[in-house]
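Some notes on the structure that comes next.
The values are calculated or read from the model by the stated rules, or taken from the named source; none is laboratory data. Since the structure is predicted, the reported quantities are computational estimates derived from the model, not experimental observations. Heads up, the Cβs are rebuilt from the backbone with ideal geometry, glycines too, and the neighbour counts pull from every protein chain shown.
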Amino acid sequence: MTPSPTPSRLAVLRYDTPEFEVVTSGDHVLCAVTGRPISLDALNYWSVELQEAYASAAAMTQRWLETHA
């Protein structure tokens, strides 16, 4: 099995509903909670309000709880 290629260029996005816009091209963004790279084709969770990306639903929920306590 061949390992997945490591993301190499950080993208800058503008998060909107229901899609995001690429401001600066790249192949990944970083999760605002974990710091883990997320390839753009796997990006499913983000906050329009905070303009942040999340690696998982759990990370998104954690961040929501932190900011809406």
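Can you run down the residue pairs with Cβ atoms below 7 Å, 6 or more apart or on separate chains, where the first is in region 1-18 and of a type in the set (S, T, Y) and surrounded by 11 or more Cβ atoms within 10 Å (Cβ to Cβ) and the partner is outside any loop (DSSP other than H, G, I, E, B) and modelled with pLDDT of 95 or more?
As it stands, the answer is Y15/W46; Y15/S47, since those pairs meet every condition given.
In region 5-54, how many residues are farther than 25 Å from H68 by Cα, assigned to a loop (DSSP other than H, G, I, E, B) and modelled with pLDDT of 95 or more?
5
Please determine, by comparing only the residues of region 25-49 that are β-branched (V, I, T) and more than 9 Å from the chain's Cα centre (by Cα), which one is surrounded by the fewest Cβ atoms within 10 Å (Cβ to Cβ). Reasoning before the result, please.
Taking region 25-49 and keeping what is β-branched (V, I, T), we get 29, 33-34, 38, 48.
Filter again for more than 9 Å from the chain's Cα centre (by Cα), leaving 33-34, 48.
Details: V33: 18, T34: 14, V48: 12.
It comes out as V48.
If you scan region 50-61, which residues turn out to be hydroxyl-bearing (S, T, Y) and within 11 Å of the chain's Cα centre (by Cα)?
We begin by selecting, within region 50-61, every residue hydroxyl-bearing (S, T, Y); these are 54, 56, 61.
Result: Y54, S56.
Which count do you get for residues in region 50-69 that are loosely packed, with under 13 Cβ neighbours inside 10 Å, without any contact (Cβ under 8 Å) to a residue 12 or more places away in the chain and not small (G, A, S)? Break it down stepwise before answering.
From region 50-69, those loosely packed, with under 13 Cβ neighbours inside 10 Å are 57-58, 65-69; that's our starting set.
Subset that is without any contact (Cβ under 8 Å) to a residue 12 or more places away in the chain: 58, 65-66, 68-69.
Within this subset, residues satisfying the condition of being not small (G, A, S) are 65-66, 68.
Number of matching residues: 3.
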